[in-house]
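The values are calculated or read from the model by the stated rules, or taken from the named source; none is laboratory data. Source: prediction; values computed, not measured. When we count neighbours, we look across all protein chains shown, and the Cβ atoms used for this are built from the backbone with ideal geometry, even at glycine.
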Amino acid sequence: MVSGTRVENRDRRRRRRQDSEQEILDAAGRLLRERPFRDLTVDDLMAATSQSRTAFYRHFTDRQDLLIHLQHDLAEELFEMSEGWLGGGEDPVREALEALQRLIGVYQREGPLLRAIAEAASHDDEIEKVYAKLVQRFVDATAARIERDVAAGRAAVSDPRQAATALCWMTERTMYQHLVQAEPFPAGDLVDALVGIWLRSVYGS
C-alpha cells in the first residue's frame, strides 16, 4: 500500500509539473502573437499565467530555452502534417498536395512563432542549430521517400539526398518568405507552385 501511494504521489507531481510547463508554453505562444520575441520578458510571460516568476526557472533556463521547447513542439506538428507524403508511396501527386496544404496551414497559423524563431536564430547559435536539425529531419525523411520511389521505378533521381536538401530548404524559405515575413501570398497559388516543383524534380511530371 505504501509503495502504491508513493507511485501515485510521484505520478501526481509529474502531471502537475507537465501541466505547469504547458501553461507557460501556451502563454508564450499567445503573447508572441502580440509582440516580437525580443520584447517578451519573463515577467510579462508569467503575468499571463497562474504561476510565480520562479516557476519559469523550474522548467526553463532562460527565454532561449523556452523558445527551443516551442520549436520542438512546432517541429512535431510539422512532421505530423507531412507524414502522408513522407511515409506514403502509392499516390505521390495526392500525397504531396495534401502534405503541402497542411504545412501551409501550420505556417499561416504559427507565423508569429516562426518569426520569433527566425529572429532569435539570427543571433543565437543554439536556436539556429536546433532549427537546422528540424529541417534536416525533413531532408532525411524526404531522401528516404525518394529512394523508395527510385527503387519502385516511379522516380529517376541520381542523388536523392541532394534533391531532398534542395527541395526542403527551398520549401522552408518560400513558405517563410511568402506566408510569414512578407505580405501573405495566396495559399492556393503557393501550393500549386510548390507541388509543381516537387513533382517535376522527383517524378519528371
- Find the helices (runs of 4 or more DSSP H) located wholly in the stretch 38-99 whose residues include 2 or more that are touching a residue at least 40 places away in the same chain (Cβ under 8 Å), of a type in the set (A, V, I, L, M, F, W, C) and farther than 13 Å from Glu21 by Cβ, and list them. 63-86
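This table checks each residue for (1) closer than 30 Å to Trp198 by Cα; (2) modelled with pLDDT of 95 or more.
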position	(1), (2)
Thr5	no, no
Arg12	no, no
Leu32	no, no
Pro36	no, no
Leu45	no, yes
Arg53	no, no
Ala75	yes, no
Glu83	yes, no
Glu95	yes, no
- Message: The conditions are (1) assigned to a helix (DSSP H, G or I); (2) within 14 Å of Pro92 (Cα to Cα), and Arg137 fails exactly one of them. Which is it?
- Response: (2)
- Query: In this structure, is Tyr131 closer than 14 Å to Gln108 by Cα and in a helix (DSSP H, G or I)?
  - Reply: no
- Among the residues of the stretch 115-132, is there at least one that is touching a Pro at 6+ places or on another chain (Cβ under 9 Å), of a type in the set (A, V, I, L, M) and modelled with pLDDT under 90? yes
- Query: Considering the stretch 92-140 alone, what residues qualify as being surrounded by fewer than 17 Cβ atoms within 10 Å (Cβ to Cβ), farther than 27 Å from Gln64 by Cβ and touching a helix residue (DSSP H, G or I) at 6+ places or on another chain (Cβ under 6 Å)?
  - Reply: Gln101
- Note on the structure: Here the residues within the stretch 155-189 that are surrounded by 15 or more Cβ atoms within 10 Å (Cβ to Cβ) and not in a helix (DSSP H, G or I) are Ala155, Val157, Phe185
- Query: Going through the stretch 118-153 one residue at a time, which ones are β-branched (Val, Ile, Thr) and either without any contact (Cβ under 8 Å) to a residue 60 or more places away in the chain or touching a strand residue (DSSP E or B) at 6+ places or on another chain (Cβ under 7 Å) (or both)?
  - Reply: Val135, Val139, Thr142, Ile146, Val150
- Message: Just to be sure I understand the filter: pairs with C-beta atoms under 6 Å, separated by 6 or more residues or on different chains, first member in the stretch 154-165 and on the phi < 0 side of the Ramachandran plot, second member assigned to a helix (DSSP H, G or I) and polar (S, T, N, Q). Which pairs pass?
- Response: Ala164/Thr142
- Query: Mind checking whether some residue in the stretch 135-147 is touching a Lys or Arg at 6+ places or on another chain (Cβ under 8 Å) and closer than 18 Å to Leu113 by Cα?
  - Reply: no
